[in-house]
Amino acid sequence: MEDFFYEDRFCYDISCLMDVLDIDEENLSELPDNWEVKIELSNVEPIFKLDVDSLFEMIMNANEHRLGEDFDEEEKIKNALKESIDFDKLRTLLPKFCYPSGRYETITKLDL
């Protein structure tokens, strides 16, 4: 098993979890046979999620003072972003990190 979270700590494997929990080969036998911890699996994702709507919102917030009073530019701006930016390519080029997935597993003493 690779790349998961124990509480809010990132672990790249079970030996990392053992370090976090201060478990080593000497004290492993002292754990009760039914010992277990819940971990959250991770997903590798771009550093931030970016699509037309989120980029539009950022641009509008940063340039609110430049908008017309009727705010009828919204569709034109969104269309310009859609036509000029390859969001799929952008997402593939962004740095990626492990983030919590919302999926959980249990690690037992036997897994250690």
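Within region 28-40, can one find any residue that is charged (D, E, K, R), free of Cβ contacts under 8 Å to residues at least 24 places away in the same chain and surrounded by fewer than 12 Cβ atoms within 10 Å (Cβ to Cβ)?
Yes - at least one qualifying residue is present in region 28-40.
Select from region 80-108 the residues that are among the aromatic types (Phe, Trp, Tyr) and under 27 Å from Met60 (Cβ atoms) and list them in ascending order.
Going through region 80-108, the residues among the aromatic types (Phe, Trp, Tyr) turn out to be 87, 97, 99, 104.
Hits for region 80-108 are Phe87, Tyr99.
For every residue, the table says whether it meets (1) of a type outside the set (S, T, N, Q); (2) more than 30 Å from Asp111 (Cβ to Cβ); (3) assigned to a helix (DSSP H, G or I).
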position	(1), (2), (3)
Ser15	no, no, yes
Phe48	yes, yes, no
Phe56	yes, yes, yes
Pro100	yes, no, no
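Bear in mind these aren't lab numbers, they're just calculated from the coordinates by the rules spelled out. Everything quoted here is computed from the prediction, not taken from an experiment. Cβ coordinates were reconstructed from backbone atoms using ideal geometry, including for glycine residues, and neighbour counts include every protein chain displayed.
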